[in-house]
Amino acid sequence: MSEPTIHFYDLHPPLTDLKAEVLTGLSGQPKTIPPKFFYDEYGSQLFAQITELPEYYLTRTEIAILQEHGEEMVSLLGNECLLVELGSGSSQKIRLLLDALQPAVYMPIDISKKHLWQSVQMLAIDYPDLEIHAVCTDYSGQFHLPYHPDNKPKAAFFPGSSIGNFDPPHAQELLQQVAQLLGSDSTLLIGVDLKKDPQRLNAAYNDATGVTAAFNLNLLTRINRELNANFELSRFEHQAFYNEKPGRMEMHLVSNTPHEVKVGGQTFEFVTGENIHTENSYKYTVAQFQNLANAAGLQPEQVWIDPAELFSVHCLRVR
Ligand code: AVJ
């Protein structure tokens, strides 16, 4: 048996980025905290639990689409490619493509270092011949690919509707950046949650067992630990709702009393009912997303949706 090859590039944003972004967010009106900070070790575990919830249809529906149409996807992506994955998490979904795709190099990118490290170790056991270049970085800002194999087709996989965390102008910017990093003729396979009955959406982000609430509140636990803050979790409540006009799910943490919180040496006041806005999750029709892709320089080549029309997977080509 050959030794698996794992290269690990730690381009992780330093602690000061968490501090600066949280302090800026809490100084705004309304207060905000970026959703990328959900994914500390426990937050990544909670997210994995979310994906198994009966109400959270996104993950299982996307997996069903990948299983059903994987062969066609692989034929569009091309074998022996550099396969970049944005927000690889536990690298579960990529397994559905790896056997058929046989990429030359797999390059998972994730902000959560320990989770990324553990996931590629597990992957290497099951795919001993796969060359892995794992990159710990924040893809929501400017980033680069630390390794460029020559003369290989390039493809990116961006599953889970994580693109939904960006408002449409920023989503377009991110797609443009990916298109530029990959180069013309490269392909992007991207999962996008569809607009649907708001009841269905609201249930997916307000699960009966409270895992999503715990995921939302864990942001405060993380900030307490990493930034020496004194949030009391009992003073905040999880709130999630569909906002029809912008077409997005919103998550908030709502203060239930007037109180003060200290974060990184600064004091922040909360009145009763005041929100910290922690996440947007934009939903698209197929046409809306194709327009966005076009504007980012990506040509829609194919789209697959499940029979209940809950979720879409798009194949786009860089022009
Ligand atoms: C990982 C951003 C796609 O928006 O559905 C799950 C995160 N938030 N439940 C989503 C999330 C609340 C998830 N994404």
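Going by the conditions given, is Arg248 out of contact with any Leu (no Cβ under 6 Å at 6 or more places or on another chain), farther than 16 Å from Glu21 by Cβ, in contact (Cβ under 8 Å) with a residue 24 or more places away in the chain and assigned by TED's automatic domain parsing to the domain that holds Ala20?
Details: out of contact with any Leu (no Cβ under 6 Å at 6 or more places or on another chain): yes; farther than 16 Å from Glu21 by Cβ: yes; in contact (Cβ under 8 Å) with a residue 24 or more places away in the chain: yes; assigned by TED's automatic domain parsing to the domain that holds Ala20: yes.
Judged against the criteria, Arg248 is a match.
Among the residues of segment 37-80, which ones are in a loop (DSSP other than H, G, I, E, B), free of Cβ contacts under 8 Å to residues at least 60 places away in the same chain and under 14 Å from the mean Cα position of the chain (by Cα)?
Hit for segment 37-80 is Thr51, nothing else.
Is it the case that Glu301 is loosely packed, with under 15 Cβ neighbours inside 10 Å and either in the same structural domain as Tyr56 (by TED's automatic domain parsing) or within 17 Å of Ile33 (Cα to Cα) (or both)? Outline the logic, then answer.
Values: loosely packed, with under 15 Cβ neighbours inside 10 Å: yes; either in the same structural domain as Tyr56 (by TED's automatic domain parsing) or within 17 Å of Ile33 (Cα to Cα) (or both): yes.
Yes; evaluated as a whole, the condition is true for this residue.
Is there any pair linking a residue in segment 150-179 that is without any contact (Cβ under 8 Å) to a residue 24 or more places away in the chain and part of a helix (DSSP H, G or I) to one that is crowded, with 21+ Cβ neighbours inside 10 Å and not hydrophobic (A, V, I, L, M, F, W, C), with Cβ under 7 Å and at least six apart or on different chains, and which?
none
Write out, first by first residue and then by second, each pair whose Cβ atoms fall under 7 Å of each other, whose residues are 6+ apart or on separate chains, and whose first residue, in segment 94-107, is part of a helix (DSSP H, G or I) and among the acidic types (Asp, Glu) while the second is surrounded by 18 or more Cβ atoms within 10 Å (Cβ to Cβ) and at pLDDT below 95.
If the second residue must be surrounded by 18 or more Cβ atoms within 10 Å (Cβ to Cβ) and at pLDDT below 95, no pairs are left.
Could you tell me which numbered condition Pro146 fails, if it satisfies all but one of (1) in contact with a strand residue (DSSP E or B) (Cβ under 7 Å, 6 or more places away or on another chain); (2) within 16 Å of the ligand (Cβ to nearest atom); (3) part of a loop (DSSP other than H, G, I, E, B)?
(2)
Taking segment 11-36, which residues are at pLDDT 95 or above, farther than 13 Å from Gly160 by Cβ and either near the ligand (Cβ under 10 Å from one of its atoms) or within 16 Å of the chain's Cα centre (by Cα) (or both)?
Correct list: Ile33, Pro34.
Just give me the residues in segment 219-244 being crowded, with 21+ Cβ neighbours inside 10 Å and part of a helix (DSSP H, G or I), in sequence order.
Listed by number, the residues that qualify are Leu219, Leu220, Arg222, Ile223.
Within segment 18-56, how many residues turn out to be more than 17 Å from Ala213 (Cα to Cα) and surrounded by 15 or more Cβ atoms within 10 Å (Cβ to Cβ)?
We begin by selecting, within segment 18-56, every residue more than 17 Å from Ala213 (Cα to Cα); these are 18-31.
Still in the running and surrounded by 15 or more Cβ atoms within 10 Å (Cβ to Cβ): 18-19, 21-23, 25-26, 31.
Count: 8.
Could you pull out the residue among Leu82, Leu98, Leu77 that is surrounded by 17 or more Cβ atoms within 10 Å (Cβ to Cβ), of a type outside the set (D, E, K, R) and within 15 Å of Val313 (Cβ to Cβ)?
Values: Leu82 fails: within 15 Å of Val313 (Cβ to Cβ); Leu98 fails: within 15 Å of Val313 (Cβ to Cβ).
Among Leu82, Leu98, Leu77, only Leu77 is surrounded by 17 or more Cβ atoms within 10 Å (Cβ to Cβ), of a type outside the set (D, E, K, R) and within 15 Å of Val313 (Cβ to Cβ).
When Leu189 is evaluated against the numbered criteria (1) in contact with a helix residue (DSSP H, G or I) (Cβ under 9 Å, 6 or more places away or on another chain); (2) within 13 Å of the ligand (Cβ to nearest atom), which criterion, by number, is the only one it fails?
(2)
The values are calculated or read from the model by the stated rules, or taken from the named source; none is laboratory data. Not measured: the values here are computed from a predicted model. As a convention, Cβ positions derive from the backbone with ideal geometry for all residues, glycine included, and neighbour counts pool all protein chains shown.
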